[in-house]
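Step one of this worksheet: look at the structure below.
What follows is calculated from the coordinates using simple rules that are stated; it is not laboratory data. Everything quoted here is computed from the prediction, not taken from an experiment. Glycine also receives a Cβ, built like all others from the backbone with ideal geometry; neighbour counts cover every protein chain displayed.
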C-alpha cells in the first residue's frame, strides 16, 4: 500500500535543482557523470550499487565480457583504470565483489556529491516536479531521471503465492547462500541467474536440483569460439556491447536501428537477444547438480518447515526451500516513490513507460533509464553496456531543452536521439 504524502508543510523548504537522478547503480552513476561533465546542475540520490550489494549473491561472476562491463563516463573510468588503480590483474570474468568496488570507485571519482537519502515520493509540480526525501526535506526539479534499477520488479509465479517466505524466496532476496548448508533446495529457472545460483548453493553445502521448463539448458560456449580475438570476422559478428547472438548484436547495440524494426517483431528480437542461457564456464560447476528439464512446478504444499512440490510430470519432491530464479518483469507502478497521480499520467506499454527523445516519458521532464527503457530502446538497456548510449542521449536532450524556450520546444515522439 502506498503511503499518503503531503508537500504542504510550512516547515519544508524545497531546494531547486535542474536535474534529480534517482538511483546510484551503473545507469544512475553514468547519467550523473555525463550531466556533471556538461555542467548541468544535478542532485543524485541513492546508495551506491545497492541492488548489486543486497540483491545479488556473493561469489557471482558477471556473464558479460570485460569490454561490455564498463560504466560509461565522458572520459575514462573504465574497468581497466579501476584495476590499475587498485593494483589488480585483469581477470577473464569479473566477480560481483570487484564490480561493486568498481562502482564505488567510479562514484567517488565521477559523482562525489552522491546523497544517500532515499526519495520517498515524486509528484508533478507547476514547473517540473517536487520530491520528498526520507528525512522530510524536499526538492524541486525540472527533470527527474529514474535509474532505480530492477529490484522492485522481481517476478514470482502465482503458483507460489501462498507459500511462506522462509520456504520460497526469489534470488533477489539473497546477498549470499550461507544459510542453506545441508538443506534440500530446488532452483526454478533456466537462465544465468538460476544456473549460477544452483552452483553457488551446491558450493555452500546445499543439496540442489535445478528445474527448468525448457527442454534443455542452453550454454553459450559457441559464442566464446566465434568471439575469439583471433577471429577476423569478430567485429562483424559481434558488437563490443555483447548483447545478443551474432549479427543481432549489431542491431541491439544501436537503439536507433532497433526502432526501425516493425513493432510486432520487436518482442521476438528482444527475446532472441536475451533468451535464458548460461555461460559456458559455469558448466563444470553445475556437474554435481541434478538438472530436470522440460518440467514445471504446478503446486506446492507447505508443511511446518518443509515443502511438498508437485511437478507436471506427476512426480513429487519434499524439500526445504524453493529458490525462484525467475527473473524480473518491468512494471513502473511498482516503484514506491512514484505518486499515484503521476503513475496514471505516464503512458505505458505492458508496464514499460513509452519513451521518446532523451528517454523522456509522456510526462515532460520525467525520464527512465535501464530496464524500463527496453521497450523503446531495446535489450541493450538491460545491461551495463547500455549506460554509454543512455547517458549521452539523456545529457544531449537535457542541454537542448534548457536552451530552448518552453513554448518553442518540440513535442516529437517515437524517435531516438542520434
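State the extension gain, in nm to one decimal, for the chain segment bounded by residue 293 and residue 115, taking 0.36 nm per residue of separation less the distance between their alpha-carbons.
My answer for the length gained is 59.5 nm.
Taking the C-alpha atoms only, the angle from helix 26-37 to the longest principal axis of the chain is near 20 degrees. Taking 0.36 nm per residue of sequence separation and removing the Cα-Cα distance, the residue 396/residue 263 pair yields an extension gain of 45.3 nm. Rg/Rh for segment 24-91 stands at 0.99; both radii use Cα atoms, and Rh follows the Kirkwood definition.
Largest GNM mean-square fluctuation among 69, 303, 137, using the chain with Cα springs under 10 Å: 303.
Is segment 1-160 rounded, prolate or oblate when judged by the Cα gyration tensor, a ≥ b ≥ c being the square roots of its eigenvalues, rounded requiring a/c under 1.5 and prolate requiring a/b larger than b/c? Here segment 1-160 falls in the oblate category. Taken along the Cα-to-beta-carbon direction at a fixed 7 Å, the label points for residue 281 and residue 155 span 2.7 nm. Each residue, residue 256 and residue 47, gets one label point 7 Å from its Cα in the Cβ direction; the gap between the two is 4.0 nm. Mean sequence separation of contacting Cα pairs (under 8 Å, at least six apart), scaled by the length of the chain, corresponds to a relative contact order of 20 percent.
Residues of segment 193-216 with an amide N closer than 17 Å to a point placed 7 Å from the Cα of residue 181 along the Cα-to-Cβ direction: 200-208. Is segment 59-148 best put as rounded, prolate or oblate by its Cα gyration tensor, with a ≥ b ≥ c the root eigenvalues, rounded for a/c under 1.5, and otherwise prolate when a/b is larger than b/c, oblate when not? The shape class here is prolate.
The DSSP beta bridges internal to the chain are antiparallel in roughly 45% of cases.
Working from label points 7 Å from Cα in the Cα-to-Cβ sense, the residue 92 to residue 38 distance is 4.0 nm.
Between residue 316 and residue 344, what FRET efficiency follows from the Cβ-Cβ distance if R0 is 30 Å, with the result rounded to 0.05?
Working: r = 45 Å, r/R0 = 1.50.
With R0 = 30 Å, the Cβ-Cβ based efficiency is 0.10.
The simple Förster model, with R0 at 22 Å and r as the Cβ-Cβ distance, assigns residue 272 and residue 203 a FRET efficiency of 0.10.
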